[in-house]
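Undergrad: Take a look at the following structure, please.
Read-outs throughout are calculated quantities, based only on the coordinates presented, and are distinct from any laboratory measurement. Remember, it's a predicted structure, so these values are computed and weren't measured experimentally. Here the Cβ positions follow ideal geometry from the backbone for every residue, glycine too, while neighbour counts run over all protein chains shown.
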Ligand SMILES: NC(=O)c1ccc[n+]([C@@H]2O[C@H](COP(=O)([O-])OP(=O)(O)OC[C@H]3O[C@@H](n4cnc5c(N)ncnc54)[C@H](OP(=O)(O)O)[C@@H]3O)[C@@H](O)[C@H]2O)c1
């Protein structure tokens with residue numbers, strides 16, 4: 001197996017942390033990033049105690065200077081990146097499109113859309129140094145245009161926007177070694193998904209781990225349960 005260097009955003013808890021654990025257990029080098037230095041270090045140390053190859057770097061997806069600092073740290077420490085997983089996300093507002101505030105929309109776009117855009121731009125030079133760079137964007141079925149429902153408008157807008165980012169960036173990178181895909185983890189038992197969610201952390205991490213580590217993947221697609229799905 002070729003050992004990959006895999007960076008995950010928002011990985012101090014939830015699906016991101018599960019992805020880090022699983023790829024490290026598979027023998028890859030995992031870079032656990034988090035916006036809170038103490039929480040990120042504590043999460044990384046717990047995995048390191050099992051003897052696994054996990055590194056912590058602070059990265060707030062909504063803070064461009066910390067994003068650029070993190071990219072420089074990865075460049076200095078590893079010289080390249082094989083897989084970037086844009087997992088960090090928020091879901092803080094349940095208002096529908098008739099009442100949602102501009103502030104809530106801006107907050108969701110900052111973390112769920114502009115964050116992955118800035119992080120991808122910062123890490124593309126390092127992904128170009130990989131044999132096959134991969135960007136995996138965390139979307140949601142709540143951002144799917146086909147069969148779109150109402151409610152939770154700020155979150156839905158941000159997840160539709162990240163799907164658009166995937167499609168546009170995949171096209172802009174066609175002539176390079178970098179593949180860009182979106183995925184939905186399903187409804188997962190995390191702080192965001194709640195205790196009533198039907199999927200376990202392992203089930204929620206599965207498609208991202210598969211996209212990160214499987215031998216062949218396409219580009220510019222939207223996946224759920226390891227299968228291509230409609231936008
Ligand atoms: N759970 C579900 O049912 C579900 C369904 C569809 C899609 N998703 C998507 O899956 C991804 C992971 O969700 P989850 O359920 O694991 O959520 P979660 O348990 O709430 O964890 C979210 C993670 O994102 C981090 N984060 C938030 N804002 C950030 C920022 N500005 N910079 C860096 N990290 C930030 C959080 O850090 P802090 O600890 O510092 O807050 C936390 O580590 C999200 O993109 C979510 O939209 C989840």
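Undergrad: Can you name the residue in segment 186-198 that is closer than 17 Å to residue 225 by Cβ and near the ligand (Cβ under 7 Å from one of its atoms) and, of all such residues, is farthest from the chain's Cα centre (by Cα)? I'd like the intermediate steps shown before the answer.
TA: Initial filter on segment 186-198 (closer than 17 Å to residue 225 by Cβ): 186-189, 193, 197-198.
Right, trim to near the ligand (Cβ under 7 Å from one of its atoms) and you get 186-188, 193, 197.
Values: 186: 14, 187: 16, 188: 15, 193: 16, 197: 20 Å.
Filtering segment 186-198 for residues that are closer than 17 Å to residue 225 by Cβ and near the ligand (Cβ under 7 Å from one of its atoms), the one farthest from the chain's Cα centre (by Cα) comes out as 197.
Undergrad: Select from segment 1-18 the residues that are closer than 16 Å to residue 57 by Cα and more than 8 Å from the ligand (Cβ to nearest atom) and write down the one among them that is surrounded by the fewest Cβ atoms within 10 Å (Cβ to Cβ).
TA: Taking segment 1-18 as the starting set, the residues that turn out to be closer than 16 Å to residue 57 by Cα are 5-13, 16-17.
Next, from what is left, pick out any that are more than 8 Å from the ligand (Cβ to nearest atom): 5-8.
Values: 5: 22, 6: 26, 7: 29, 8: 30.
So the residue we want is 5.
Undergrad: Filter segment 69-82 down to residues that are more than 16 Å from the ligand (Cβ to nearest atom) and within 19 Å of residue 53 (Cβ to Cβ) and give me whichever is surrounded by the fewest Cβ atoms within 10 Å (Cβ to Cβ). Full working, then the answer.
TA: Quick first cut of segment 69-82, residues more than 16 Å from the ligand (Cβ to nearest atom) only: 72, 75-82.
This time we only want the ones that are within 19 Å of residue 53 (Cβ to Cβ), so: 75-82.
Details: 75: 16, 76: 8, 77: 11, 78: 16, 79: 10, 80: 16, 81: 26, 82: 23.
The extreme case among them is 76.
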